[in-house]
Amino acid sequence: MSPEIVVVGEALVEVMRKGVDQPLYRAGEFLGPYPSGASGIFADAAAKLGGSVGFISTVGQDDFGRCIRDRLEADGIDLTHLKVVPDRMTGVAFVTYFRDGSRKFIYNVREGAPAYLDASQVQPEYFAGVRFLHIMGFALTISESCRQACYKAVDLVKKGGGKVSLDPNLRPEVLTTEQVREVCRPVLAASDLVLPSGQEAMMLAGVDDIEGAVRALLAQGPGIVALKQGDQGSTVFTAEGRIKAPPFSVTEVDPTGAGDCYGAAFVIGLLEGWDLARTARFANAVGALATTRQGPMEGTFSREEVMAFMAGQQGGM
């Protein structure tokens with residue numbers, strides 16, 4: 001049986017500074033490892049929200065890989081096509097936060113297990129019943145073999161009548177903007193849903209204003225652009241117009257993964273057949289909740305928890 005949602009992309013652990021304004025070039029305390037990777041966070045969030053999810057990825061045969069596998073298996077994700085690479089280290093991201101809200105990353109992914117994801121893991125029979133495939137732009141930048149695996153999955157899902165969502169998830173630490181735009185182009189053209197921040201929309205479209213960038217993205221194929229706007233909520237754009245979804249108020253602890261959780265919730269809403277306003281409101285709640293816990297994958301919640309949170313705030317579903 002195929003899962004309804006499949007994610008193809010990177011899995012890694014994250015090790016973060018304990019406090020803010022602590023540059024990575026100085027000695028200091030760290031927290032972690034936490035299971036992470038934008039693709040992995042999306043998969044975990046979708047599963048916690050009740051989705052049937054399969055995750056195609058690679059990890060090393062080490063304790064970091066076990067950290068990731070244990071967490072995803074516990075949350076009900078199908079790992080049939082997750083590959084353990086015996087001679088490569090599981091991907092790692094070191095991150096520090098600054099008081100102005102910015103972050104600095106150091107990655108070990110292109111030299112580690114994430115780079116060894118390949119098209120042989122993307123089996124046609126596994127995709128027979130897939131309704132949504134999710135791709136992160138970061139996964140397209142890791143290696144040629146990883147990129148080809150994503151492209152193959154997109155082709156299989158579209159031929160089978162399923163839909164594709166793309167989160168640009170741009171990481172200038174890995175490739176230049178021009179290079180990212182190039183590798184994202186085939187997935188963007190096949191996408192039904194794109195989930196950028198404002199900066200990502202402008203970078204991906206090559207347009208220097210958000211409104212123009214969204215129009216340019218819609219012109220390239222997607223039917224929906226869900227613009228993530230942080231503490232301002234989100235705005236959903238289609239050819240027919242736009243829907244503004246207001247934010248939820250929370251105390252932020254760790255913003256990493258909030259956009260990935262937002263995207264997972266948006267896909268769940270579409271699969272449930274909800275209208276775009278309800279879907280965006282639900283996704284805003286999931287994204288807001290994701291910031292309230294330390295650790296990128298610790299901010300995933302069950303649907304019941306999300307509904308209770310929304311009911312407790314004015315304007316809940």
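Here is how the numbers come out for the structure above:
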| quantity | calculated |
| --- | --- |
| Some residue of segment 139-153 being farther than 21 Å from Thr80 by Cα, among the small types (Gly, Ala, Ser) and within 17 Å of the chain's Cα centre (by Cα) | no |
| Some residue of segment 246-264 being farther than 22 Å from Pro296 by Cβ and in contact with a strand residue (DSSP E or B) (Cβ under 8 Å, 6 or more places away or on another chain) | no |
| Tally of residues being over 12 Å from Gly65 (Cβ atoms), assigned to a loop (DSSP other than H, G, I, E, B) and among the hydrophobic types (A, V, I, L, M, F, W, C) across segment 76-130 | 7 |
| Matching residues, segment 161-187, being at pLDDT below 95, surrounded by fewer than 19 Cβ atoms within 10 Å (Cβ to Cβ) and not in a helix (DSSP H, G or I) | Arg171, Pro172, Glu173, Val174, Thr176 |
| Every residue from segment 201-258 that is over 21 Å from the mean Cα position of the chain (by Cα), acidic (Asp, Glu) and assigned to a loop (DSSP other than H, G, I, E, B) | Asp208, Asp209, Glu240 |
| Val164 closer than 23 Å to Arg185 by Cα and either in contact (Cβ under 8 Å) with a residue 12 or more places away in the chain or over 20 Å from the mean Cα position of the chain (by Cα) (or both) | yes |
| Selection count, segment 91-132, where residues are modelled with pLDDT under 95, surrounded by 15 or more Cβ atoms within 10 Å (Cβ to Cβ), among the hydroxyl-bearing types (Ser, Thr, Tyr) and out of contact with any Lys or Arg (no Cβ under 7 Å at 6 or more places or on another chain) | 1 |
| Test set (1) among the small types (Gly, Ala, Ser); (2) crowded, with 24+ Cβ neighbours inside 10 Å; (3) over 25 Å from Ala216 (Cα atoms) - Ser234 fails condition number | (3) |
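The values are calculated or read from the model by the stated rules, or taken from the named source; none is laboratory data. Since this is a predicted model, take the numbers as computed values, not measurements. We place every Cβ from the backbone using ideal geometry, glycine too, and count neighbours over all the protein chains shown.
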